[in-house]
Amino acid sequence: MTNQIASLAARLAAVERRLDSTSRTAQLAYSSIENGAIDVFDEDGSLRAVIGQQPDGTTGLNVVNGPPPPQPTAPTLTSSIGGVTVGWDGRFIDGSPVPLDWARLEIHASEVDFVPNASTLRATIESPQGGTFTIAAETPTYVRMVARNTSGTASLPSPSAGPLGRMPVVAEAVIDGIVGELALAEAAVSRSKIAIGAVDADRMAVGTGNLLPDASFEGAYAENLVADSPVWQIAGPGNNSARCLTVDARAAAPTTRSQQLTTLPASPGDRFFLAVDYRSSADWFGLAPKFYLCWQDAAGVAIGYGVVQGAAAPVTAWTRMSGQVQAPANTVRATVWIESFQANTGNLSFDNAEVRTVITAGVVLAGSISGDELAANSITGEKVVAQTITGREVKFKSLTGDHLDVNSARIALLTSGVITADMLTADALNGKTITGGHIIGVEIDGAVLRTADTGSRVEITSVPATDTAPSSGRVRLYSGSATEAEPASMYSLYDAATNTSALHLQSAVLNTPALSGVVGPMSPTPDWPTSAITMWSEPNTSHLNLSATEAKVDAVTTVIGSAPYYQVVVRSGVISAQTSAGVDAILYLNRMLVVDPSGWISRSNEDWKSPTISSGWTHYGGTWDRVACKIYPDRTVGLRGLVKRTSKDPAAGGEVVITLPTSARPTVANTQQFSVLVPQNGSALTLNINPSSGTVTLANITSGAATALASGSAYLNLSGIRFPLD
């Protein structure tokens, strides 16, 4: 190091001597080499840098006495809870660029207009691009900015802003965590201080803050998450922050791209509050941005998902999505994920994510909330989950007609004998009849509920089991026609052996109408078959069966399938296949016949194949067509290309030219024969195709053809040969 400094010092001395001999505009001087350092001065003799050993014994480059930074622009002030939010836009009064020796921006504040000093310093902004910071302020406050360089030199103070005070604290302004438990005196919050509805389920966190590390994606944790990802990155700007988490959604087809954030412990019944800010580019196209928990059992197997999701359309402004999710049975942990679901263009960004516990199973004990804690009307109907209040919780005669809305008391909520005749007024069951039994719970025991006794009507009934069919509840739709032997019906049948429940929709059973006074034709009585639709599901499969003599779809467009999968579209008598984005795709018929978007028909996975060329023969070469064969949808095989004889031995009948692939050989034991011209002298021969071996051999060789073939350069043109497979 000392030798290098000495060499540099010598060169600087030479430069100084040359500058002394001319009109020198700068002066460079250095201390003695023994001190192990070079001091750099400007033209005014001021020390600007020390290169080498520093006064504290370290070694390096230390810039000192740099010029003051430009004067910053005035700060912006905004009232906030507990103080004032100060912002700087990263600009200077004279429009200067950021100096290369920039260090930081100081925020100074005081209750009176002031000149910044050490006592008024409140915070710093470390980025030359600007930023915001909230300072505590009990009273209206003035704020000024001071920029400093790496030498510690200060700029002129910015213009003063203010005075401005903190925001008044109202219920809507108290954000999560700003008032902690230590800030409240014992019993400071009583029932009278809480308005009805002010505390809902989302705000009943159980002693935990945000469970996510680096939830705004600003630090090293987030960078490590996406360090090896080709599509996820930490970018900016975020939502009121420098950075956010962004995914590149571009893909050839709709694609789901997920990023795991962390893993949390969870138990069955635990509830979590999820929230995250998101926005997309204007060209983003996908089904949904998602933020979710993947519930896992003790073996790490996913057993369900708790999802909140945004819009299936571009959202270019920061938008908050949130919701609650609950862990199912057997949950022991949950992994936290951010996701762009089934997108193929644009990008999607996330910021300020939250995962908080809401109500952990078992935290609210039975009887811990009594009537004394509830003000009148604090619990309304929409706050009560169905069937959570039973007869045990209702005092005798506490519910009168004035407390019941229309249709609020349903049959399913009443047990036998609860409603007696003396409780029903005249015409209480207006226009409806209940016959053949009595109501027990939710069942109709031996009864029929119908809208009328005769004619066009609807009946709801229970059909008893028979030797061939289990019992079922049915809805019968009577038309009232005399020719209707059985009405149209809708019913569901459950098969315990296969755990399937099938829903049947069946048309009416009709009789031939009677002809009055007319002799009918001597022909069989026509049949009036029924049509039916049956729907059921099995693991990973759902079924729809249509049963009819003729089925028609009367619609401009019928789409079979759903996004994001391929769909079959029937439109104006045209059947085509499309992607979920509406792009034409290949249509497969009977899994083998292929119709491409251009209308070409072929067999699935059938293209031109190369046969085996025998020894003594080869492709003609150059730009001439190579030898190949192909199976066509009409069950014929076609050959193509030029094959050249390289052997100079005499040609004889039975010599093998090529051997066809197994799939391209005829299935019947008849030899196929084709006449072929030898172009050199117009001679001819025939090619025989053996169906069992697939060999294509020479036959009926003329003398001229034999002479040409023995030259070692004669060729045969196989194009145009086509033969059936059967």
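The values are calculated or read from the model by the stated rules, or taken from the named source; none is laboratory data. Note that the structure is a prediction, hence the values are computed from the model and not measured. Here the Cβ positions follow ideal geometry from the backbone for every residue, glycine too, while neighbour counts run over all protein chains shown. These area figures cover heavy atoms from the full protein model, side chains too; ligands, DNA and RNA do not enter into them. Shrake-Rupley method; radii C 1.70, N 1.55, O 1.52, S 1.80 Å.
Points to keep in mind about this one:
- Taken as a whole, the condition of being among the β-branched types (Val, Ile, Thr), at pLDDT below 95 and within 30 Å of Trp88 (Cα to Cα) does not apply to Thr255.
- Filtered residues of the range 107-124 (kept if touching a Ser or Thr at 6+ places or on another chain (Cβ under 8 Å) and among the aliphatic types (A, V, I, L, M)): Ile107, Ala109
- Within the range 279-289, the set of residues being open to solvent by 40 Å² or more (accessible area, probe 1.4 Å) and either over 20 Å from Phe341 (Cβ atoms) or of a type in the set (A, V, I, L, M, F, W, C) (or both) comprises Ala282, Phe285, Leu287.
- Among the numbered conditions (1) crowded, with 16+ Cβ neighbours inside 10 Å; (2) among the polar types (S, T, N, Q); (3) farther than 26 Å from Leu544 by Cβ, the only one that Thr451 does not meet is (1).
- Subset of the range 471-480 [free of Cβ contacts under 8 Å to residues at least 24 places away in the same chain and not in a strand (DSSP E or B)]: Ser471
Each row is one residue, and each column tells you yes or no for (1) buried (at least 17 other Cβ atoms within 10 Å of the Cβ); (2) not in a loop (DSSP other than H, G, I, E, B).
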site: Phe273; (1), (2): yes, yes
site: Asp277; (1), (2): yes, yes
site: Phe291; (1), (2): yes, yes
site: Ala298; (1), (2): no, no
site: Tyr305; (1), (2): no, yes
site: Ala313; (1), (2): no, no
site: Ala317; (1), (2): no, no
site: Ser340; (1), (2): yes, yes
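- Residue check, Gly704 assigned to a helix (DSSP H, G or I), surrounded by 12 or more Cβ atoms within 10 Å (Cβ to Cβ) and either at positive phi or small (Gly, Ala, Ser) (or both): yes
- Scanning the range 662-687 for residues that are open to solvent by less than 30 Å² (accessible area, probe 1.4 Å) and either touching a Cys at 6+ places or on another chain (Cβ under 7 Å) or closer than 14 Å to Thr612 by Cα (or both) turns up just one, Ala664.
To keep it simple, each residue is scored yes or no on (1) closer than 19 Å to Pro679 by Cβ; (2) among the β-branched types (Val, Ile, Thr).
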residue	(1), (2)
Ser598	no, no
Asn605	no, no
Thr612	no, yes
Gly616	yes, no
Tyr620	yes, no
Trp624	yes, no
Val627	yes, yes
Ile631	no, yes
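- Of the strands (runs of 3 or more DSSP E) contained entirely in the range 589-660, those carrying at least 3 residues that are open to solvent by less than 70 Å² (accessible area, probe 1.4 Å) fall at 593-595, 617-619, 628-631, 636-640, 642-645, 656-659.
- Scanning the range 578-587 for any residue that is at pLDDT 75 or above, farther than 26 Å from Ala251 by Cα and assigned to a strand (DSSP E or B) turns up nothing.
- Search result, residues across the range 666-701 that are modelled with pLDDT under 90, part of a strand (DSSP E or B) and either over 27 Å from Arg635 (Cβ atoms) or among the hydroxyl-bearing types (Ser, Thr, Tyr) (or both): Ser675, Leu677, Val678, Ser683, Ala684
Conditions (1) part of a loop (DSSP other than H, G, I, E, B); (2) of a type in the set (Phe, Trp, Tyr); (3) open to solvent by less than 30 Å² (accessible area, probe 1.4 Å), marked per residue:
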residue	(1), (2), (3)
Ile51	no, no, no
Pro67	yes, no, no
Val84	no, no, yes
Val98	yes, no, no
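- Candidates Trp608, Trp624, Trp600 - the one that is over 20 Å from Ile721 (Cβ atoms) and not aliphatic (A, V, I, L, M): Trp600
- The set of residues from the range 69-82 being open to solvent by less than 30 Å² (accessible area, probe 1.4 Å), under 13 Å from Ser160 (Cβ atoms) and either among the hydrophobic types (A, V, I, L, M, F, W, C) or part of a strand (DSSP E or B) (or both) comprises just one member, Pro72.
- With respect to (1) in a loop (DSSP other than H, G, I, E, B); (2) modelled with pLDDT of 85 or more, the lone exception for Ser489 is condition (1).
- Odd one out for Ala496, checked against (1) open to solvent by 60 Å² or more (accessible area, probe 1.4 Å); (2) touching a residue at least 24 places away in the same chain (Cβ under 8 Å); (3) of a type in the set (A, V, I, L, M): (2)
- Residue that is modelled with the lowest pLDDT [pool: residues in the range 144-172 that are charged (D, E, K, R) and open to solvent by less than 70 Å² (accessible area, probe 1.4 Å)]: Arg148
- Residue ID - surrounded by the fewest Cβ atoms within 10 Å (Cβ to Cβ), chosen from residues in the range 232-270 that are β-branched (Val, Ile, Thr) and closer than 26 Å to Gly304 by Cα: Thr263
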